[in-house]
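Below is one structure, written out as structure tokens, with a few remarks after it.
FYI, it's all coordinate maths here, none of it is from the lab. This one's a predicted model, so the numbers in the text were calculated from it and none came from an experiment. Here Cβ is always computed from backbone atoms with ideal geometry, including for glycine, and neighbour counts include all displayed protein chains.
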Amino acid sequence: MVPNIPFLDDNWGNVRRLPLLNETDRAGGAGVYYHFDYVGDPRDYKWINTVQLSKTAEQMQLAYARGADRIWIVNVGDLKPLEIPISHFFDMGYDADMWGVDNTGDWAKAWATREFGPTYASNISDIVQRFGMYANRRKFEMVEPQTYSVLNYNEADAILEQWAVLAEETQAVYDKLDADTQPAFFEMVLHPVLAGEIVHKIYIGAAKNIMYAQQKRNSANDMINYVLSVSNDDANLTVRWNNLLGGKWAHMMDQ
């Protein structure tokens, strides 16, 4: 059998090109090599789940429609904390006609129902999809003080408000779940949301500190103290992760 032809993404979840007709009628067919985790230039992204499910669905459906359907391979680095996108990828591979671009929300709701029951499945589906959009907008390792403007269009504060609302809604769901399901929800849903909010607080706070210092404002001192306080929140979140279920997943979030 002639080997499969792999079509690669650009390491950031964008398939470089799709198969031509004469590349799919070979005996081995065609397939895709995709990334949920990446180590390389210009920077790694491997700390936490930053996958947008709808983007994965769009890219894989494009490949599927063009005949890259014999084998799909996804680079996940560490299996944890990528359980959600891995499950999504497998389900699309098993039945690409069922799980397409337009029903990512249905998939997320079905996943949430399976894992946490039907009561809050719609809420969890919405949270997972919004988190993917926020996180994939700029991988956490790529966020810097200059990423979002603290001067123009209220951009930075609008980003913080989105994360704050998402964190509040996610915490509300966590508080209502049974104790036996809370660890899994924390690991797959709440922890990424809280971590994402903290990352943006740190870097946007750093941007404001820089601006205030350049303006010779005393409030620069308040802002740097705020950044240090949020950094403590990050450390405490790591301790919480490491102690969960008696240390079951200790140090799995170490970068």
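The table below gives the values:
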quantity	calculated
Within segment 74-97, backbone nitrogen closer than 18 Å to the virtual label 7 Å beyond the Cα of A184 toward Cβ	79-91
Net charge, F116 excluded, C-beta distance under 14 Å - Lys, Arg +1, Asp, Glu -1	-4
Gyration tensor (alpha-carbon) shape descriptor, segment 35-147, a/c threshold 1.5	oblate
Charge dipole (debye, nearest 20) of the chain; +1 at Cβ of Lys and Arg, -1 at Cβ of Asp and Glu	560 debye
Environment charge at S229 (Cβ cut-off 11 Å; Lys +1, Arg +1, Asp -1, Glu -1)	-2
Whole-number Å³ per residue for the convex hull built on Cα positions in the chain	147 Å³
Between segment 169-215 and segment 80-136, the Cα center-to-center distance that results, in Å	20 Å
DSSP-loop trypsin sites (Lys or Arg not before Pro) across segment 1-64, with at most 12 other Cβ within 10 angstrom	R16, R17, R43
Flagged links, alpha-carbon separation over 32 Å, of K176/K208; K80/K201; K109/K248; K46/K248	K176/K208
Two-decimal Rg/Rh across segment 84-187, once Rg and the Kirkwood Rh are taken from alpha-carbon atoms	1.03
Cα-Cα separations in segment 176-255 greater than 18 Å, expressed as whole percent	52 percent
Extent along principal axes [Cα atoms of segment 193-234; Å; largest to smallest]	34, 14, 8
